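Q: Sharing a structure below in structure tokens format, with a few things to ask.
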Amino acid sequence: MTEEHLERMVRDADPYRPDVIGHLDGAKQSLLEEIMSEPTLDRVVEPPQTRSRAGRGMVRRFAGALTAAAVLIGVLAVSTVLREHPDDRQAAPAGTASAGTPVAYSPVAMKAAEENPRLLIDQSGWKVTTVYGFTKQQGTIAFSNGGRQLEMNWYPAGQYNGYHADRLNVSDPESVQVDSWPGDLFRYSANDFAVMLRPRDGVFVELRAGGWTRDEFDRVLADVVRVDVRTWLAALPAEIVTPARVDAEAAKVLADVPLPPNFDAAALNDVGTNDSYQFGAEVTSRVGCAWIAEWLRAKRAGDDAALQRAGDALRSSHKWRVLHQMKDEGGWSEVFWEIADKVAAGHPPAGYAQGLGCD
């Protein structure tokens, strides 16, 4: 694959290109929302229903390093003391085990949930389909019900003014409330909407939906509620990798993956809460970046044996179970393999660090 091909793959995965919008489905992209929605004064951001899982896999990682500084702007310190907000809905049977006893959540999971908005749709039929982030007061959760999807993205409160100014280029704001949380509704078109909630507890939230009538959107908004920590954690599907499950899930991902020298699997505990696709991308990103760093070191040092080991490890990625499990869901596996093959062949592409999200 040439560098031009790699760039074209990433460009084709960009759901904000006009010629691609009509062919993409689902509110599947998460960090790309941060990348593509970074405030500008001359661009109108498309609604999330034009985002694809493929874009999420490739573009999130490819652009991540380039936007790290912008993502971290406005991050505020948070208390490590768990507290219950008086207006949070209390945990219901969803937060109990089958025998009626409360589910025991780890302190790490409790803290991660406490530091995020914890909004759920209190209507039957809605389920969580995508989760990403939950670190540094930013993250994404998407819900689906038949053909309808609603995505919630949240960011540090310090970024609110810039995002809000950007949305003013979309339409005039209309005041709304979500469970007594005030915000502004913006219209991208007659049936594409965004609601930006004002900063609260160090974050602000944007809810995105498209393909709905305004009445349908209003009815769902009326049933979006802010819940307590246990209720929110209980609503996450079993396959979501919460901080408490990182070690066990990482061990499964890495079972057939050769590890680079001095690779610290314990350091993966900082990846936050993710669905299985995003978790697989996070873990293989760390491994791939470390092997490429080792290949570059060995190349500089003239260490032919280490160079061979690194090249073999990168080529072996075509056999890693996790990448094969992910390949039908998005483009991450393909991009990983293309970059790994070029490095192993002695031709690291110029954009490999951005492509794999290497620090």
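The values are calculated or read from the model by the stated rules, or taken from the named source; none is laboratory data. As the structure is a prediction and not an experimental result, all values here were calculated from the model. Glycine gets a Cβ as well: all are built from the backbone with ideal geometry, and neighbour counts include every protein chain shown. Side chains are part of the model used for accessible areas, which takes the heavy atoms of the whole protein and leaves out ligands, DNA and RNA. Shrake-Rupley method; radii C 1.70, N 1.55, O 1.52, S 1.80 Å.
Q: What order do 110, 326 take when sorted by accessible area (1.4 Å probe), most exposed first?
A: Sorted by accessible area, descending: 110, 326.
Q: Rounded, prolate or oblate: pick one for region 205-359, where a ≥ b ≥ c are the square roots of the eigenvalues of its C-alpha gyration tensor, a/c under 1.5 means rounded, and failing that, prolate if a/b is larger than b/c, else oblate.
A: It comes out prolate by the Cα gyration axes.
Q: Greater than 27 Å separation of Cα atoms is the criterion. Which listed pairs, 111/319; 299/319; 127/327; 299/327; 252/327; 136/319, meet it?
A: 111/319; 299/327; 136/319
Q: Can you tell me how much longer the chain between residue 248 and residue 223 gets when fully stretched, taken as 0.36 nm per residue apart minus their C-alpha distance, in nm with one decimal?
A: Length gained between residue 248 and residue 223: 5.5 nm.
Q: What's the local net charge at residue 191, with K and R +1, D and E -1, over the other residues with C-beta under 10 Å away?
A: In short, 0.
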